[in-house]
Amino acid sequence: MRAAVCTRYGPPEVLRLEDVAEPVPRGNDLRIRISATAVTSSDCYVRGLDLSPAYKLMARIALGWSAPRRRILGMVLSGTVDAVGPECRTFRVGDEVLGFNRHLFGTYAEYVCWPEDGLIVLRPPELTHDVAAALPYGGLLAMHSLRRGGLSRGQKVLVYGASGAVGTCAVQLATHFGAEVTGVCGPSNLDLVRSLGATSVIDYTTGEMWENGVAYDLILDAVGKRKSATAMRQSARALAAGGHSISVDDGTPKLRRDDLVIVADLAACGASLPVVDRTFELADIAEAHRYVGNGHKRGNVVIAVA
């Protein structure tokens with residue numbers, strides 16, 4: 001099968017298209033024929049090991065010293081169950097599925113084997129493979145963050161980084177659950193974020209995020225502290241009494257399969273659709289990584305595999 005292999009840590013060019021053996025399902029594995037995957041910011045961090053010295057050391061120990069032990073990166077997928085292990089009970093050959101696995105990776109390829117009891121759900125027929133592949137990363141992290149922040153109906157919520165993969169989902173989900181949402185993004189994305197349901201939008205380049213006099217019940221940094229630290233430094237002064245300011249970087253996210261069902265169902269009915277910026281072919285994976293690494297994508301960048 002064809003796969004994009006990460007030959008070492010480094011720039012996008014370290015990703016090479018190679019022919020590798022097809023995985024064989026064992027135990028409760030599903031072998032999934034991948035139709036589409038996505039390049040996430042987490043993929044780029046793993047590939048480039050673009051971290052602080054302390055985190056870089058920990059990452060090498062966890063992932064591999066000079067190159068990832070799991071040489072095929074990619075955390076999300078949409079595809080078709082092609083074969084099952086002898087202990088599978090939930091899914092059958094032919095099932096259309098979407099999923100997320102931040103530990104096993106492997107979706108920059110034509111096939112992958114993942115255990116059926118992971119973050120895998122049936123793909124609603126209303127969703128194309130491209131849209132389904134764009135859903136798990138931003139949708140699950142947004143759901144986790146909004147729950148952790150204690151989101152409830154009627155609250156005022158500010159989403160910093162509202163045009164990214166997590167931010168576009170967070171704006172739509174918070175709006176769907178009854179919050180009044182302010183989205184913060186760059187000037188070229190104001191209309192996009194407004195179209196997702198934000199009551200108001202703020203251009204972060206003006207430096208006026210905390211000058212509008214609004215007290216927010218929840219401030220969500222959907223970008224991550226490496227990029228948001230300066231902008232979020234004064235966020236506490238815009239919090240309402242008892243409010244919360246959280247980042248997608250805080251702790252280890254507890255991602256739930258039932259949340260993936262929820263975001264898939266909401267996408268199927270059009271209530272919260274992932275934004276797809278561009279779609280690349282698997283052969284152009286290095287170019288896709290370069291595009292995501294530039295930091296100006298809108299929503300998600302999808303890879304068409306099959």
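When the residues of the range 225-268 are filtered to those that are in contact with a Phe, Trp or Tyr (Cβ under 8 Å, 6 or more places away or on another chain) and small (Gly, Ala, Ser), which remaining residue is farthest from TYR55 (Cα to Cα)?
Checking each candidate, the answer is ALA240.
Going by the structure shown, is LYS254 under 30 Å from ILE120 (Cα atoms) and touching a strand residue (DSSP E or B) at 6+ places or on another chain (Cβ under 9 Å)?
Answer is no for this residue.
In the list LEU158, LEU192, which residue meets the criterion of being touching a Cys at 6+ places or on another chain (Cβ under 9 Å), farther than 24 Å from TYR45 by Cβ and surrounded by 19 or more Cβ atoms within 10 Å (Cβ to Cβ)?
LEU192
Give the residue, chosen from ARG31, ARG47, that is on the phi < 0 side of the Ramachandran plot, crowded, with 21+ Cβ neighbours inside 10 Å and part of a helix (DSSP H, G or I).
The match here is ARG47.
Which condition breaks for VAL214 when tested against (1) outside the structural domain of THR80 (by TED's automatic domain parsing); (2) under 20 Å from ASP130 (Cβ atoms)?
Exception for VAL214: condition (2).
Got a number for residues in the range 122-138 being closer than 14 Å to LEU77 by Cβ, buried (at least 22 other Cβ atoms within 10 Å of the Cβ) and not hydroxyl-bearing (Ser, Thr, Tyr)?
Total satisfying the criteria: 8.
Output the qualifying pairs, or none if there are none: Cβ atoms under 8 angstrom, residues six or more apart or on different chains, first residue in the range 257-285 and among the small types (Gly, Ala, Ser), second residue buried (at least 18 other Cβ atoms within 10 Å of the Cβ) and in a strand (DSSP E or B).
Note: pairs meeting the criteria are ALA264/LEU98; ALA264/VAL121.
Can you tell me which residues in the range 50-73 are in a loop (DSSP other than H, G, I, E, B), among the aliphatic types (A, V, I, L, M) and farther than 22 Å from VAL166 by Cβ?
Answer for the range 50-73, where residues must be in a loop (DSSP other than H, G, I, E, B), among the aliphatic types (A, V, I, L, M) and farther than 22 Å from VAL166 by Cβ: just ALA67.
The values are calculated or read from the model by the stated rules, or taken from the named source; none is laboratory data. Note that the coordinates shown come from a computational prediction; the quantities given were computed from them, not determined experimentally. Every residue, glycine among them, receives a Cβ derived from its backbone with ideal geometry; neighbour counts consider all protein chains shown.
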